[in-house]
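Inspection log for the structure reproduced underneath, given as structure tokens.
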Amino acid sequence: MVVLTISSRVTSGYLFSPEAHLYKLHCFSDRYAEGISRRGNQAGVFVTKYRKTRKPEQQDGESYLHRNDAHGGISVIAVAPGSPNRTLSVTFILLIALAVHGPLLLMQLPAGSYDAYVHMFFASHYAHHWFNPWNPKWFAGFSQTTYPPLAHQLIALSSYIMGLSLGYMFVQLIAVLLLAVGIYRYARLWVDETAASYAALGSVFLGSLAMLVYQSGQLNTTLGAAITINGIPYFYRWLREARFGDLLKSFLITVSAAAVHHLTLVTIVLFSFPVIWLALVDRNNEAEGGEASTVGILVRAIVFGIISIAGIAAVLLPFWISFFNNPVTQAPIPHPSRTNYLLNLHNGLNFWIIPYGALILAIPFIFLRGTRERRLQPLFLGWWITTLIGLGGTTPVPHWLFGRFYYVFTYERFTFLATCMALPFAGLLAQRLIARFNTKAVVALWIAAAATFAMGVAWLTFSPIAVTPFDTNPIASFLNRDDHSKFRYLTLGFGSLFDKVSIDTSADSVDGDYNTARLLPEMTAYGAAKLDSAKYYGVSGMESLRAMLKHASQYGLKYIFVRDRYYEPLLAFAGWRPAETYDGGIVTLWVKDDVPPAQPMDLGTKPAAWEGLLWGTAPIGVAFLALLAVLLIPERRPASVPIEFPSSADVVLREAK
Amino acid sequence: MSRVLLIITVALTILFLAIGTLSAGNSGPSNTPDGAVHAMMAQVQARNWNAAYSYVANTNATDLNSFISGLNGTNGDLRTFSNLASVRTRVLHASDNDALVHADMQWSTAVGAIYDSRDLQVVSQDGKWKVVWEVQKQPNVPPQVIPVTFLRWDVVTRGSGDDWGAQNVDAPHVRIVSMNAVDYEGGTVILGEIVNEDTVPGFVSVSATLVGKNGSTLGDESSFDKISHVLLPKEVSPFRIDFPKVPLREVKNVHIQPNSLLVPASADPTIGVLHQQLTQDSSGRRVLQGDLTNESGQTVNIPHVLATFYDNQGRVIWVSDGYVDHALLPQTPVPFSLALRDDIASRVQTYRVTVNQYSMNRQPS
């Protein structure tokens, strides 16, 4: 038997239609329903005593009823018979994510992405030198403290069991699964359980996620965002309820997220401010959380900010030392995400339309619903600003916000964050569509989601960014034998396979694939990212390459592996001569004979031993503590449980005392 | 409130998109003479050849294919390894119907940036400005047989396991026959000539170290591409080593290190230099002009001209170089032009031109 309590003040607060099993609520301006059932032609609705809760947003003909819960979210508590709207369990969503991404990751599809080998390269170094972040293999030596290490260290740990490549895929899978869980938890702050579950399911099929995982290989962005989003609900609860456990969890998760990627700091800011605003909107909602004062919320937000900044500063201290010793002063490197997408349709497709996919259709709904509901306005404005940033050079907004750092950032990651913020709205829209169109809507939504994801993955084929794969083993083999590693090498036209060669060989290169770590003046003085792809940066790229070749003797740069004949004239005129060919002539080795062996270089950036120790323990330690905190500190369970409507059980309605 | 927020955010979104698009797409109007040149060059930059050709006025004299090959290159010449990077224009003369626009074009090429200047006639046709684009007509050489009589040296190595260059034989004897250090634009330039005195070809390079007054090393550079690296027996090459950030007054000593290595080589292709003369170009600068003729039977894709200038005492006072952006077809003259520093032009007594080359299908190995 289900026992419901009903307020004595509610005497005519509902309208029940027994034929259609539809109801409409229209007098709960200061009450909200928590349960509904029927007995004969009567319906009973549980009404709380709390003031100023939001009025359930029931539309005529809608077949469900909401409740507020301890998280400040809204849950569907009753569904009319026949509606396919169902709250999907997190387990089901994770299984879907596993089914969709698991095979692609097991096929190691991201290995052909732009940056996957970069991360494997970093991880490979940690796997061999956990406590020594000095890596001589790129830029004639650089410190890996220039890049927060957590994702790379996780890959390194995984690689001990399953190898480097599969280790990368495993960590990427973790990121995808964490993102689905995070989106569910995050969406619950804004929408009810059903819509949140739809949002989480949508996260599996995000076009932007597909692009970042399978085209860009931005593991750190996806993992960092997933961890950040998982920490946001704890932050909200800390603001509302001031429980130390929530503060501890949100703090540890936030610091862990920062240890994945430096730009996660921007992610944290973009996701935190709407939630602070939401906590202020909800401050008088006592539903299972008690009232909170405005001052209290703001003070708790400041407390969280201070301790988080302190935590991030401490855990990533070697990063900050490196950052402040070598501030970003290099010439801006052009990136297509900084172009105007309206004027350059290909970039618009690549960086906005494909990542957004079917979510574009939801944008009018986001504007209408996001501006209409007070509780959704913070999320709407957060999404709107993030979307404007994600548009890159299409609007002046990112330039105004970031100043000179505008040229440091790339903007596809902001589109990814914007799509994550759009998902709660998409969940709401899906819920409404299903309520109205039933199975037709379900089919259409599945097709839209699958098409969005498929386009994101297939875009690799339509617009390939990676070079055609070729066998790099003979190149690594050459460098590893006969003391050839005494000299430094360069590749031209290898694309991301340069990183693979770097992993496989013990020889060092003057080139590298991580812009921030570049300190060699031949590279920082020119607006080109990588010597390997110098020609794509026009005059800057080729002048950078010329400058490097001019100083070949100083760097011990003897071997140049050329896969693109474009570079051959320069090498020929500069004194290199072809020596060997590999893979059926695809790659030619050019050699300069009068180059002396390379000498170790230290541009004053070698981290101290204590930095290596801290780097090897603090980030991974914080992540471990965050995991322990989430597992061991119990969450407060909601005091109310949704009941089915119409209930199959007898319901006793009684007056509240 | 909600409606106000909706209106504000939609309006701001449109405004931001408009600002971003207008500022990014501001390439100037094409209804002016220099605007037309810019518009055409923007299409060239984007390799939209048909759109670029729509700005050509003299379509009866310049067909689309000639227009494309003039800008996009043919025969594997330097232009085929080039992209237009930027254009600056200056209107020299303008009337209602025609104008003369000076265009300075910067090309990003496989050997670095090269610059090309043209005085373009622009005419008004049907109310629209168009560019009179002259193309260089390639003369048709009649079929002929060219006998191959050049010398060639091969090197027999011990086996494929040897490193390239590690022949374990004495290096060819090379010698620096002249050297001069000059002050140039606040930096130091080391000039000179190197000769292969041996009876076998040599692969040569020259590096220099500048030593300061307190004995410290001020810079360490090499001749890079300002030298002919492969020298046949008795052949002389100029070299030039730039130290752009080291003032000559700070230099006490210069250590020159010539390096040589025995390599296989051939005298082919032979490139003749004809009609060379010091003159002035249209902007009044002193230039060395002439024609290059490929006397062999195969195409030379990228010629590189090195000019050595001597004063009346026979000292090397400057070395200038430049890449020619057209391929040298057999027996077909191609003009070249090298800029000469105005401040030394009056001191130049004699000069010597040598030609280095890159041929796609003839790289020594």
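Run down A:A454, A:A458, A:A444 and say which single residue is in contact with a Leu (Cβ under 8 Å, 6 or more places away or on another chain), in a helix (DSSP H, G or I) and surrounded by fewer than 18 Cβ atoms within 10 Å (Cβ to Cβ). Even if it seems obvious, please write down each step before you answer.
Details: A:A454 fails: in contact with a Leu (Cβ under 8 Å, 6 or more places away or on another chain); A:A458 fails: in contact with a Leu (Cβ under 8 Å, 6 or more places away or on another chain).
Among A:A454, A:A458, A:A444, only A:A444 is in contact with a Leu (Cβ under 8 Å, 6 or more places away or on another chain), in a helix (DSSP H, G or I) and surrounded by fewer than 18 Cβ atoms within 10 Å (Cβ to Cβ).
I need the full set of residues from the stretch A:495-527 which are farther than 22 Å from A:V587 by Cα and assigned to a loop (DSSP other than H, G, I, E, B), in order please. Working first, answer last.
Keep residues of the stretch A:495-527 that are farther than 22 Å from A:V587 by Cα, which gives A:514-527.
Once the filter is applied, which keeps residues that are farther than 22 Å from A:V587 by Cα and assigned to a loop (DSSP other than H, G, I, E, B), the stretch A:495-527 yields A:Y514, A:R518, A:L519, A:L520, A:A525, A:Y526, A:G527.
Sort through A:K592, A:K530 and tell me the only one that's touching a residue at least 24 places away in the same chain (Cβ under 8 Å) and either of a type in the set (S, T, Y) or within 14 Å of chain B (Cβ to nearest Cβ) (or both). Give the derivation first.
On the way: A:K530 fails: either of a type in the set (S, T, Y) or within 14 Å of chain B (Cβ to nearest Cβ) (or both).
Answer to the check: A:K592.
Identify, please: which residue in the stretch A:565-580 is among the aromatic types (F, W, Y), in contact with a strand residue (DSSP E or B) (Cβ under 7 Å, 6 or more places away or on another chain) and at the interface with chain B (Cβ under 7 Å from one of its Cβ atoms) and is, among those, nearest to A:G538 (Cα to Cα)?
If we filter the stretch A:565-580 for residues that are among the aromatic types (F, W, Y), which is where we start, we get A:566-567, A:573, A:576.
Checking the rest, the ones that are also in contact with a strand residue (DSSP E or B) (Cβ under 7 Å, 6 or more places away or on another chain) come to A:567, A:573, A:576.
Filter again for at the interface with chain B (Cβ under 7 Å from one of its Cβ atoms), leaving A:567, A:573.
Numbers: A:Y567: 13, A:F573: 19 Å.
Here the residue is A:Y567.
Just one of A:V213, A:V260, A:V255 is touching a His at 6+ places or on another chain (Cβ under 8 Å), closer than 19 Å to A:L154 by Cα and modelled with pLDDT of 90 or more; which is it?
Details: A:V260 fails: touching a His at 6+ places or on another chain (Cβ under 8 Å); A:V255 fails: touching a His at 6+ places or on another chain (Cβ under 8 Å).
It is A:V213.
Please go through the stretch A:615-649 and give me each residue that is modelled with pLDDT under 70, surrounded by fewer than 14 Cβ atoms within 10 Å (Cβ to Cβ) and either in a helix (DSSP H, G or I) or of a type in the set (S, T, Y) (or both), ordered by number. It would help to see each step written out before you state the result.
From the stretch A:615-649, those modelled with pLDDT under 70 are A:636-649; that's our starting set.
Now narrow it down to the ones that are surrounded by fewer than 14 Cβ atoms within 10 Å (Cβ to Cβ): A:637, A:639, A:641, A:648-649.
Across the stretch A:615-649, the qualifying residue is only A:S648.
Can you tell me how many residues within the stretch B:93-112 are hydroxyl-bearing (S, T, Y), away from chain A (no Cβ under 14 Å) and in a strand (DSSP E or B)? First the steps, then the outcome.
Of the stretch B:93-112, the ones hydroxyl-bearing (S, T, Y) are B:95, B:108-109.
Within this subset, residues satisfying the condition of being away from chain A (no Cβ under 14 Å) are B:95.
Retained after the next criterion (residues that are in a strand (DSSP E or B)): none.
Adding up the residues that qualify gives 0.
Against the condition within 26 Å of the chain's Cα centre (by Cα) and either hydrophobic (A, V, I, L, M, F, W, C) or within 14 Å of chain A (Cβ to nearest Cβ) (or both), how does B:L191 come out, does it pass?
Yes, satisfied.
Exactly one of (1) touching a residue at least 40 places away in the same chain (Cβ under 8 Å); (2) part of a helix (DSSP H, G or I); (3) of a type in the set (V, I, T) is unmet by A:I353. Its number?
Among (1) touching a residue at least 40 places away in the same chain (Cβ under 8 Å); (2) part of a helix (DSSP H, G or I); (3) of a type in the set (V, I, T), A:I353 violates only (1).
Return yes or no: is A:I183 touching a Leu at 6+ places or on another chain (Cβ under 6 Å), of a type in the set (V, I, T) and part of a helix (DSSP H, G or I)?
Numbers: touching a Leu at 6+ places or on another chain (Cβ under 6 Å): yes; of a type in the set (V, I, T): yes; part of a helix (DSSP H, G or I): yes.
Against the criterion (touching a Leu at 6+ places or on another chain (Cβ under 6 Å), of a type in the set (V, I, T) and part of a helix (DSSP H, G or I)), A:I183 qualifies.
Please verify whether the stretch B:264-271 includes one or more residues that are touching a His at 6+ places or on another chain (Cβ under 9 Å) and buried (at least 17 other Cβ atoms within 10 Å of the Cβ).
no
Among the residues of the stretch B:115-141, which ones are surrounded by fewer than 20 Cβ atoms within 10 Å (Cβ to Cβ) and either of a type in the set (A, V, I, L, M, F, W, C) or assigned to a loop (DSSP other than H, G, I, E, B) (or both)? Break it down stepwise before answering.
Taking the stretch B:115-141 first, the residues surrounded by fewer than 20 Cβ atoms within 10 Å (Cβ to Cβ) are B:115-119, B:121, B:123-128, B:132, B:134-141.
Once the filter is applied, which keeps residues that are surrounded by fewer than 20 Cβ atoms within 10 Å (Cβ to Cβ) and either of a type in the set (A, V, I, L, M, F, W, C) or assigned to a loop (DSSP other than H, G, I, E, B) (or both), the stretch B:115-141 yields B:V123, B:D126, B:G127, B:V132, B:E134, B:V135, B:Q136, B:K137, B:Q138, B:P139, B:N140, B:V141.
When the residues of the stretch A:364-376 are narrowed to those that are closer than 18 Å to B:L12 by Cβ and touching a residue at least 24 places away in the same chain (Cβ under 8 Å), which ends up surrounded by the fewest Cβ atoms within 10 Å (Cβ to Cβ)?
Restricting attention to the stretch A:364-376, the residues satisfying the condition of being closer than 18 Å to B:L12 by Cβ are A:364, A:366-368, A:370-372.
Next, from what is left, pick out any that are touching a residue at least 24 places away in the same chain (Cβ under 8 Å): A:366, A:370.
Values: A:I366: 23, A:G370: 28.
Selected residue: A:I366.
So which residues in the stretch A:367-382 are assigned to a helix (DSSP H, G or I) and more than 10 Å from every other protein chain (Cβ to nearest Cβ)? Show your work before the answer.
Step one: list which residues in the stretch A:367-382 are assigned to a helix (DSSP H, G or I), which gives A:367-372, A:377-382.
Across the stretch A:367-382, the qualifying residues are A:P378, A:L379, A:G382.
Do the conditions hold for A:S322, that is, is it touching a Phe, Trp or Tyr at 6+ places or on another chain (Cβ under 6 Å) and part of a helix (DSSP H, G or I)?
no
Exactly one condition in (1) among the small types (G, A, S); (2) within 9 Å of another protein chain (Cβ to nearest Cβ); (3) touching a Leu at 6+ places or on another chain (Cβ under 8 Å) is false for A:G390; which is it?
(2)
Rundown of residues vs (1) within 14 Å of another protein chain (Cβ to nearest Cβ); (2) within 20 Å of B:D220 (Cβ to Cβ); (3) modelled with pLDDT under 85, yes/no style:
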| position | (1), (2), (3) |
| --- | --- |
| A:K535 | yes, no, no |
| A:K550 | yes, yes, no |
| A:R563 | no, no, no |
| A:Y582 | yes, no, no |
| A:D602 | no, yes, yes |
| A:L613 | no, no, no |
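Any idea which residue in the stretch A:515-557 is farthest from the chain's Cα centre (by Cα), counting only those that are charged (D, E, K, R) and over 27 Å from A:D483 (Cα atoms)?
Start the filter on the stretch A:515-557 by keeping residues that are charged (D, E, K, R), which leaves A:518, A:522, A:530, A:532, A:535, A:543, A:546, A:550.
After this cut, where a residue has to be over 27 Å from A:D483 (Cα atoms) as well, the list is A:535, A:543.
Numbers: A:K535: 31, A:E543: 35 Å.
Looking at residues that are charged (D, E, K, R) and over 27 Å from A:D483 (Cα atoms), I get A:E543.
Please determine, by comparing only the residues of the stretch A:393-438 that are surrounded by fewer than 21 Cβ atoms within 10 Å (Cβ to Cβ) and closer than 30 Å to A:T87 by Cβ, which one is farthest from the other protein chains (Cβ to nearest Cβ).
This residue is A:N438.
The values are calculated or read from the model by the stated rules, or taken from the named source; none is laboratory data. Because the structure is a prediction, the values reported are computed rather than measured. Here the Cβ is made from the backbone with ideal geometry for all residues, glycine too, and neighbour counts use every protein chain on show.
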